[in-house]
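Below: one structure, written as structure tokens.
The values are calculated or read from the model by the stated rules, or taken from the named source; none is laboratory data. This one's a predicted model, so the numbers in the text were calculated from it and none came from an experiment. Methodologically, a virtual Cβ is constructed for each residue, glycine included, from the backbone with ideal geometry; neighbour enumeration extends over all protein chains shown. These accessible areas exclude ligands, DNA and RNA; they are computed on the full protein's heavy atoms, side chains included. Shrake-Rupley method; radii C 1.70, N 1.55, O 1.52, S 1.80 Å.
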Amino acid sequence: MITNFYAQSIQIYRGDSNGEVAPVRIIQGPKTQLLNPDKVMIDHVNDEIYVPQGSRVLVFEGKAQGDVAPKRVLGPIRGLGASILDIDAVHNLLVIGGGAGAGGAGGGGGGARFQVFDRTASGNVKPKWVIQGPKTQLQRLQGPLAVQPTRGLIIAGVRTVEELGGPDNFVGVWDIFAGGDTPPLYRIGGPHITLEQVRGVTLNAKHKELIVSDKRINGVLTYYFPEIF
């Protein structure tokens, strides 16, 4: 499942697709409310598709096809800044990463943040709580992020805002229930670490691994990280 920025669509392909093949389904059209989609997330437990759209999050049925309206829309919410997200299906929570520091300038004191909502939240509602502040070390969030639901953890890549003298590029782990200005529980980073420009993370729960993509080294790094599983 991929986003097509210029076609305003979500395209779904078979898992074994190879070469020039057509998608098996396309979500596209004015009813969808898609506007230059950049990221998409699949909730396999509840069979839903989530698309962050700045001040809104569009949620579609997992088998949606064609010009269909979202089953629900979170927002528009001023200051939501939804750029990356993931679902905690165990605790029924939606974690949205964004803000002034997500992919742009802004510091942990007032920029990037995690906002936590009920999974089924819709309309213009306030988050249950927000993780934000200088102790969080959140500067430029780089998605996608990952939620480890059995432990209630948020894992995300952070890029340094150099003019603010922030930390090096790193991958951090935060307690999903610790709202406010709370530091990460774990942090992979530092001057002697290979990470240079983190672009996204995902988890391999079966082998207790954290997988990180890095734009600058043009590579994918795998860490054995049993502490978060």
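Can you pull out every residue in region 40-55 that is on the phi < 0 side of the Ramachandran plot and open to solvent by less than 60 Å² (accessible area, probe 1.4 Å)?
Here is the first cut: in region 40-55, the residues on the phi < 0 side of the Ramachandran plot are 40-46, 48-53, 55.
Across region 40-55, the qualifying residues are Val40, Met41, Asp43, Asn46, Glu48, Ile49, Tyr50, Val51, Pro52, Gln53, Ser55.
Let me confirm something: among Pro30, Pro70, which residue is buried (at least 18 other Cβ atoms within 10 Å of the Cβ) and not hydrophobic (A, V, I, L, M, F, W, C)? Talk me through it step by step, then tell me what you get.
Details: Pro30 fails: buried (at least 18 other Cβ atoms within 10 Å of the Cβ).
Pro70 is the lone residue from the list that is buried (at least 18 other Cβ atoms within 10 Å of the Cβ) and not hydrophobic (A, V, I, L, M, F, W, C).
Of these, Thr222, Thr194, which one is exposed (fewer than 15 other Cβ atoms within 10 Å of the Cβ), among the hydroxyl-bearing types (Ser, Thr, Tyr) and assigned to a strand (DSSP E or B)? Before the answer, list the steps.
Numbers: Thr194 fails: assigned to a strand (DSSP E or B).
Going through Thr222, Thr194 in turn, the sole match is Thr222.
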Next item on the list: Scan region 128-143 for residues that are of a type in the set (Val, Ile, Thr) and open to solvent by 20 Å² or more (accessible area, probe 1.4 Å) and jot them down.
Entry: Val130
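Taking the stated definitions as given, is Leu58 exposed (fewer than 14 other Cβ atoms within 10 Å of the Cβ), free of Cβ contacts under 8 Å to residues at least 40 places away in the same chain and under 16 Å from Asn4 (Cα atoms)?
On the way: exposed (fewer than 14 other Cβ atoms within 10 Å of the Cβ): no; free of Cβ contacts under 8 Å to residues at least 40 places away in the same chain: yes; under 16 Å from Asn4 (Cα atoms): yes.
Taking the combined requirement at face value, the residue does not satisfy it.
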Check: Among all residue pairs at least 6 apart or on different chains, which show Cβ distances below 8 Å where the first residue, located in region 1-25, is over 21 Å from Pro70 (Cβ atoms) and among the β-branched types (Val, Ile, Thr) and the second is modelled with pLDDT of 95 or more and open to solvent by 80 Å² or more (accessible area, probe 1.4 Å)?
Finding: Val21/Arg14
Item checked: region 196-207 residues that are within 16 Å of Gly157 (Cβ to Cβ) and touching a residue at least 40 places away in the same chain (Cβ under 8 Å), paired with ones that are of a type in the set (Ser, Thr, Tyr) and open to solvent by 20 Å² or more (accessible area, probe 1.4 Å) (beta carbon under 6 Å, 6 or more apart) -> Arg199/Ser213; Gly200/Ser213
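Suppose we filter Val147, Val173, Val125, Val212 for residues that are open to solvent by 40 Å² or more (accessible area, probe 1.4 Å), of a type in the set (Val, Ile, Thr), at pLDDT 95 or above and within 20 Å of Ile96 (Cα to Cα); which single one remains? Please lay out each step first, then the result.
On the way: Val147 fails: open to solvent by 40 Å² or more (accessible area, probe 1.4 Å); Val173 fails: open to solvent by 40 Å² or more (accessible area, probe 1.4 Å); Val212 fails: open to solvent by 40 Å² or more (accessible area, probe 1.4 Å).
None of the other options fit; the residue is Val125.
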